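The structure appears below as structure tokens.
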Amino acid sequence: MFIDVSKCYGCMACVVACAAENNVPVGVFRTWVERHILPSGTVAFVPKLCNHCDNPPCVKPCPTGATYRTEDGLVLVDPLKCIGCGACIIACPYGARYYNPITGVVDKCTFCNHRIKIGRPPACVEACPTRARVFGDLNDPNSEIRKIVDKIPTKVIKPETGAEPQIYYYSLPEVGSR
Amino acid sequence: MSYISYPYGYMYPNEMANGIVWLPIIATYILFVSIASGTAILLSIGVLFNVSVLRRLSPMFIMISLATAFVYLLGPLADLKRPDRAFYIFIYPHLTSSEMYPGVSLIALMASVMWPLLIILLIVLGYLILWRNMWNSLLTKILSLILIFVSLIWSTYFASLYFATIPVLRLNNLLPLLPVDLFLETMATAGAVGILAFIIHNRSLERSASKILSLTILICGSAFIILRFFQIFRLYTYMTGSPETSIFLNVFTPLNNVVFILALLSSISAFYVYIKNSMISAFIMIITTILWSFYDKWLFAVDIQSISKTFLSIISAELDLLSWSLETVAMILLSLFIYFILYTWVVKKPILDTGVVRGETYDKY
């Protein structure tokens, strides 16, 4: 996914759409929008979500294999195998995982896997009024997202963890890159 | 429209919801792991180097190690959000790496391989030593060598878990000698619990036993103080300035100072026990050693978790200490019960020079 921070004006449509689409309980988030005040005095809104890392630190500690990586590069949780040990929550550098208080197991962003299977974009992408979020297959050289990422200088969050995150940000302020 | 507010500074909203993920019972769990693996290491050292005092203490070490090893997985069980699925760790252990499941889960390895291995080795060694009198045989020595290897992995497990699977904290950079610290604590704790069990058995402090166990505590305590001091010194001198180090030191220092004092008291009292064989010093040594070990484990199992992954704030979570106390007492009582069963029904061997157990006389070693 590509996120253009300069286009986000903090309407929270993505957060609401995600919660409605995926029955996300109140108080926890699959995606959220951070509001940062820049040194210049202006405000930046930084949408965040699971980075679906290429080298996901959350998959390794899972003792039962409930967390796994699909062929498409999605990092998902099998709610029927999760024992709720919390190792993945502690391992995730991005705070993208949470205990679902309803099911008692770990939950996270799936990139709306059920939607992309039928050719629809994730709910957060569809709901964004400014097209700040662009979703697609980074492995496909003809995809819109590949062309954007190749053309525009992008940043990822916490590359030093070695997780190889797959959310590419444009115009990401330093204060929001933690 | 109201935006997410950050009452404790900048942290991820899910961190606010999750709070402390691993509950305080994990500190009790690691303490039990230390007792089980430490006594197993003392037993193995006795077998490998044919130490006569350790040989005479071997029934006690086997019983302590088994009684705690049988119980300690109840700690993480109490911490699971879905304890009804705990057995999945044995059915679907993530032990091989593949495209779909990259890496190997250390938690799965320890629970589904190392835990049964520890128990099987202890039972087999116990049988060979206590019933077949094969203390000096090659088979016993080989099994002891394997037991040392397994126990060493157990004793440093929590450090390995943080180092290998939780990259965000970078504890390997902040405290690179943490595995050694945990190993030293393990050996000291095993020595303290060994002396405590010995006093309960014999209502006295036998010189040879107290000497070797207090020396173990003295060496481990002193080494721990020196190693931890140099690591903290390194953080304060060479690694200051980054938000990671600052927040780590903020969270780490208060309880670490308590740990330092307890380790120092433990070493001083161990020295007194070593030279004077004093019962009061022995009790002070036992209490301070167990507290030192426990608080250091609390530091890593509980306090470190309160550092936000943004490294810009501290998660303030209310701990349910009543539940933790009850769970801890339950684990202690269950391991005491297992120890009692092993002592009265299974092992039925004297500890050191006590030649009579329940009216029956046994051969002294």
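The values are calculated or read from the model by the stated rules, or taken from the named source; none is laboratory data. Values in this document were obtained by computation on a predicted structure and should not be read as measured data. Because the Cβ atoms are built from the backbone with ideal geometry, glycine has one as well, and the counts that use them run over all protein chains shown.
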Legend entry - When residues of the range B:48-89 are limited to those that are surrounded by 19 or more Cβ atoms within 10 Å (Cβ to Cβ) and hydroxyl-bearing (S, T, Y), the one nearest to the other protein chains (Cβ to nearest Cβ): B:Y88
Inset, instruction - Filter the range A:75-85 down to residues that are within 11 Å of another protein chain (Cβ to nearest Cβ) and surrounded by fewer than 24 Cβ atoms within 10 Å (Cβ to Cβ) and give me whichever is nearest to B:I315 (Cα to Cα). - result: A:G84
Legend entry - Pairs where the first residue, in the range B:282-296, is of a type outside the set (S, T, Y) and the second is not in a helix (DSSP H, G or I), C-beta under 8 Å, 6+ apart: B:A282/B:L205
Inset, instruction - Just name the residue that is nearest to B:R85 (Cα to Cα) out of those in the range A:28-52 that are within 8 Å of chain B (Cβ to nearest Cβ) and touching a residue at least 40 places away in the same chain (Cβ under 8 Å). - result: A:V28
Inset, instruction - Return the total of residues in the range A:91-117 being more than 16 Å from B:H94 (Cβ to Cβ), outside any loop (DSSP other than H, G, I, E, B) and at the interface with chain B (Cβ under 7 Å from one of its Cβ atoms). - result: 2
Inset, instruction - Six or more apart or on different chains, Cβ under 8 Å: which pairs go from a residue in the range B:240-268 that's within 25 Å of B:S308 (Cα to Cα) to one that's of a type in the set (S, T, N, Q) and part of a helix (DSSP H, G or I)? Could you list them? - result: B:T240/B:S246; B:V251/B:S306
Inset, instruction - Test each condition in (1) facing chain B (nearest Cβ under 8 Å); (2) in a helix (DSSP H, G or I); (3) of a type outside the set (A, V, I, L, M, F, W, C) for A:N55 and report the one that comes out false. - result: (2)
Legend entry - Filtered residues of the range A:129-178 (kept if surrounded by fewer than 17 Cβ atoms within 10 Å (Cβ to Cβ), part of a helix (DSSP H, G or I) and within 14 Å of chain B (Cβ to nearest Cβ)): A:P159, A:E160, A:E174, A:V175
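Hey, does the range B:90-98 have a residue that's assigned to a helix (DSSP H, G or I), among the aromatic types (F, W, Y), more than 9 Å from chain A (Cβ to nearest Cβ) and within 30 Å of A:D72 (Cα to Cα)?
Yes, that holds for at least one residue.
To keep it simple, each residue is scored yes or no on (1) assigned to a helix (DSSP H, G or I); (2) at pLDDT 95 or above; (3) within 14 Å of chain A (Cβ to nearest Cβ).
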| residue | (1), (2), (3) |
| --- | --- |
| B:N173 | yes, no, yes |
| B:P176 | no, no, no |
| B:V180 | yes, yes, no |
| B:E185 | yes, yes, no |
| B:V193 | yes, yes, no |
| B:I199 | yes, no, no |
| B:S204 | no, no, no |
| B:I212 | yes, no, no |
| B:I219 | yes, yes, no |
Inset, instruction - Of the conditions (1) more than 9 Å from chain A (Cβ to nearest Cβ); (2) hydrophobic (A, V, I, L, M, F, W, C); (3) more than 15 Å from the chain's Cα centre (by Cα), B:L109 clears all except one; give me its number. - result: (1)
Inset, instruction - Please work out which residue is surrounded by the most Cβ atoms within 10 Å (Cβ to Cβ), limiting yourself to the range A:58-74 and to residues that are within 9 Å of chain B (Cβ to nearest Cβ) and touching a Phe, Trp or Tyr at 6+ places or on another chain (Cβ under 7 Å). - result: A:V59
